[in-house]
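Every number here is computed from the coordinates shown, using simple stated rules; none is lab data. Everything numeric here is computed off the predicted structure, so don't read it as measured data. Reconstructed Cβ throughout: ideal geometry from the backbone, glycine too, with neighbour counts over all protein chains shown.
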Amino acid sequence: MNIAYVYLWDVVGDPSAPDRLAALGVDAIALAASYHSTRAATPYHPSHRVLDVPYPAFYLPVRKSAWARLVPASPTWTPADAYLQARDALKAAGLKVHAWTVLTHNSHLGAANPDLTVRNAFNDPYPYALCPAHDDVLDYCDRLVREILTVAAPDGLILEACGPMGFSHLSVHEKTSGADWTAVDSDLLSVCFCASCAPRYPAPTKARVRAALDRTLSTSGFLTMEEALGPLADEVRTTRVALSTALRKRLLATTREIAPNIPIALHANPSPWATGAFAALPSGDPAADVLVASCWGDPTEDASRLTHLTTLTTPAQRVGAYVLALPPRPADASVLADHLRTYAKAGATDFHLYHAGLASPARLTALTEALRRLT
């Protein structure tokens, strides 16, 4: 299955959008039902070319009775029922519509509820990151999925950030690259020590993480988290994976309860230390229909991740490649087709294509041709 990702504002107010997207040759559209803040180009829209989205929003009517402590915000830049309007327009063009659902990545709710956010070993809060160690966060994510399934009635569900977010995040005017932190440093800065997480670790964990970051344990840093955490690694890793597991299993159970036959795609990473949009899934999960890996980096490394994810699937599951069709990828059908073939050889059966609303006409043409060459 080939799925193109789009935003609500790519469709609402642009009567040409459904046919343009259908012409790509994809099977379905991943339509954002809940999404974080952004600043987006809208190269085809008849009314605007750049859209500022200042806070995360829910693109279905917010029914107050459906929520508890955490209530998502409604947008002011699209109609409150933008998802429904876009869904109907896309389905009229013959496209299936899957609900692209961002879960724990929400700076609006995090800023308003700092006690529910991820905090690193220095007690620095990450306002964009709701920590699923808190019951209120689990409840919010569950209610979010329930509302989407009940009100939007999508043809499929795509779960993103189904676990804790971490240090790596493209925030407003991000100014962190000059610190020269390594990948392990980033993982260490992603270990949460909020009031709910901290008691779950062995007592010396916070001191160990701080010492590793301060280079008091090693002057050159560490090559792996296992080296950095030493004898604490197994217990900390198990605790971290359990957070993603608890959230995922609750949402998968909720989905099967409300919509037993709907396909569920899960943005996942086989690394047990993963945080962010692609949550840790080191042991797989047979309840999901598609496990989707990020393929935005070096194609060889992306393929290796896909192969690893394939080893975690059951015979009934599919593996998806989340393919970048934007810069720094060239607008070149041959290059993109080569990437798709590489990912297919690594086990990908589905292609999740990012992003059909942001891509220029030349990029959409390249994407259409690359998909044609693959058949």
In Å, the Kirkwood hydrodynamic radius of region 69-123 over pairs of distinct alpha carbons?
14.2 Å
Near the amide H of Ser37, under 5 Å away, which other amide H atoms are found, from residues 5 or more places off or on another chain, if H is placed in the peptide plane?
Ser107
Along region 227-234, what does the Karplus equation 6.51 cos²θ - 1.76 cosθ + 1.60 (θ = phi - 60°) give for ³J(HN,Hα), rounded to whole Hz, x for Gly and Pro?
5, 5, 8, x, x, 8, 4, 4
Among the lysines, which have Cα under 27 Å from the Cα of Lys175 when same-chain residues fewer than 8 positions away are ignored?
Lys206
Amide H contacts under 5 Å for Ala32, placed H, 5+ residues apart
Val6, Leu8, Trp100
Lys and Arg at +1, Asp and Glu at -1: add these up for the other residues within a Cβ distance under 10 Å of Leu229 and post the number.
-3
With a 10 Å Cβ neighbour count serving as the proxy for reagent exposure, in which order, fewest first, do Phe122, Phe193, Phe351 appear?
Phe122, Phe193, Phe351
Please list 3J(HN,Hα) in residue order for region 52-61, calculated via the Karplus relation 6.51 cos²θ - 1.76 cosθ + 1.60 where θ = phi - 60°; whole Hz, with x for glycine and proline.
8, 10, x, 8, x, 9, 10, 9, 10, x
State, as an integer percentage, the relative contact order of region 206-360 based on alpha-carbon contacts under 8 Å between residues 6 or more apart.
16 percent
Once the Cα atoms of helix 299-310 and of the chain are each reduced to a long axis, what angle between those two axes, in degrees from 0 to 90 to the nearest 10, is obtained?
80 degrees
Please list, ordered by chain and number, the residues whose modelled amide H lies under 5 Å from the amide H of Phe351; skip anything fewer than 5 residues away on the same chain.
Asn2, Ile3, Ala321
At q = 0.16 Å⁻¹, what is the log10 ratio I(q)/I(0) for region 132-263, with the Debye formula run over Cα points and no solvent?
-0.89
In degrees, nearest 10, range 0 to 90: what is the angle between the Cα axis of helix 361-374 and the longest Cα principal axis of the chain?
90 degrees
Relative contact order of region 36-133, please, whole-number percent, based on alpha carbon pairs below 8 angstrom and at least 6 residues apart.
20 percent
Using the Karplus curve 6.51 cos²θ - 1.76 cosθ + 1.60 with θ = phi - 60°, work out ³J(HN,Hα) for each residue of region 273-280 in order, rounded to whole Hz, and write x for Gly and Pro.
9, 5, 9, x, 5, 10, 6, 4
Would you indicate which of (i) 0.96; (ii) 1.55; (iii) 1.05 is the value of Rg/Rh (Cα atoms, Kirkwood Rh) derived from the coordinates of this structure?
(i)
I need Ile3, Ile264, Ile29 ordered by Cβ neighbour count within 10 Å, fewest first.
Ile264, Ile3, Ile29
Give me the one-decimal Kirkwood hydrodynamic radius in Å for region 298-375, with the sum taken over alpha-carbon pairs.
12.8 Å
Scoring the chain by relative contact order with C-alpha pairs under 8 Å, at least six apart, yields a percentage of 16 percent
